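To start, the structure under review is shown below, and the notes come after it.
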Amino acid sequence: MTQKILEIFKPKCLYRVDEGPLGENVYVVVVNEGTDVEKKFIEFYNQVGTEPALIVVTEEEFAQIEPLLGKGEKLF
């Protein structure tokens, strides 16, 4: 799963949140401003065929939600 997220979204950072206010087993994908997120989601779900919880944000948006990450780890 992580490899597909990296391959398709080409994120600046990737976090997996095990538990916290954002939910459980959530991937937080930090992308560059201007990334066509809708296109990336379609490509991801077409290739993966499952629906993991993904939150895709820019660096500016990430700064606002970072305190909500809870328990997890930075994967990339």
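What to note about this one:
- Computed over segment 1-74, relative contact order equals 41 percent, with contacts defined as Cα pairs under 8 Å that lie 6+ residues apart.
- Theoretical gain in end-to-end length, residue 3 to residue 63 [0.36 nm per residue, Cα-Cα removed]: 19.2 nm
- Within the chain, helix-based [θ] at 222 nm, where runs of 4 or more DSSP H residues each add -39,500 (n - 2.57), nearest 500: -10000 deg cm²/dmol
- Toward the positive end of the charge dipole of segment 35-76, with +1 on the Cβ of Lys and Arg and -1 on the Cβ of Asp and Glu, the farthest Cα among 53, 64, 42 is that of 53.
- Across the accessible surface of the chain, with the other protein chains kept in place and a 1.4 Å probe, carbon and sulfur atoms take up 47 percent.
- Annotation note: GluC sites (Glu not before Pro) in segment 1-54 located in DSSP loop regions with a Cβ neighbour count of at most 15 within 10 Å are 24, 33.
- Computed about the Cα centre, the dipole magnitude for segment 1-74 is approximately 240 debye when only Lys and Arg (+1) and Asp and Glu (-1) carry charge, each at its Cβ.
- When Rg and the Kirkwood Rh are both derived from Cα coordinates, the Rg/Rh ratio for the chain amounts to 0.94.
- Only beta bridges with both residues in the chain are counted; by DSSP, about 60 percent of them are antiparallel.
- For segment 60-76, the Karplus equation 6.51 cos²θ - 1.76 cosθ + 1.60, evaluated at θ = phi - 60°, returns couplings of 5, 5, 4, 4, 6, 9, 3, x, 8, 4, x, 8, x, 8, 7, 9, 8 Hz by residue, with Gly and Pro reported as x.
The values are calculated or read from the model by the stated rules, or taken from the named source; none is laboratory data. Note that this is a predicted model, so its numbers are computed, not measured. Heads up, the Cβs are rebuilt from the backbone with ideal geometry, glycines too, and the neighbour counts pull from every protein chain shown. These accessible areas exclude ligands, DNA and RNA; they are computed on the full protein's heavy atoms, side chains included. Shrake-Rupley method; radii C 1.70, N 1.55, O 1.52, S 1.80 Å.
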